Amino acid sequence: MKVFVMIAFLMVFSTLEAQEIMDTNQSVSQDNAIVRVARLREAPQLEVSVFPNPSFGEFTVNTVPEARVMIIDALGKQQGTYFTNEYGKLYIDAFLAGSYSVVIISDQGKGIAKLVVL
């Protein structure tokens with residue numbers, strides 16, 4: 001019985017300790033997010049091309065290599081996050097009809113392009 005109580009105590013203690021670590025990491029990541037947004041505002045503009053535009057749901061994003069590409073619909077909902085290949089190209093398919101913003105973020109700067117899917 002004593003062994004069972006001891007094991008239960010250790011499990012609860014380790015869970016609480018893990019929660020404390022997670023809370024600490026979240027506060028650090030929020031600070032980092034603020035710093036990232038501040039740096040992003042000062043970042044130079046990138047040249048971004050999306051073709052074909054308008055498209056029928058399949059399109060290619062052409063920008064700098066290894067950039068993060070976020071697709072945001074007209075309501076502001078993020079539809080996906082992708083990464084360009086080593087040549088700066090990304091092929092995306094299966095988007096519903098509508099208007100989208102293609103946001104590019106990389107170490108070299110930021111960029112945005114509009115996309116219409118028919």
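Structure summary
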item	result
Cβ-based exposure ranking for 93, 73, in which fewest neighbours within 10 Å come first	93, 73
Length gained when the stretch residue 77-residue 94 is fully extended (0.36 nm per residue, less Cα-Cα span)	4.5 nm
Hypothetical label at residue 66: residues of the stretch 72-115 whose amide nitrogen lies under 14 Å (7 Å Cα-Cβ projection)	83-89, 106-109
Order of 101, 106 - criterion: other Cβ atoms within 10 Å of each residue's Cβ, fewest first	101, 106
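Every read-out reported here was derived from the displayed coordinates using simple, explicitly stated rules and does not represent laboratory data. Fair warning: this is a prediction, and the values are worked out from it, not measured in the lab. Using ideal geometry, Cβ is built from the backbone for each residue, glycine included, and neighbour counts are taken over all protein chains shown.
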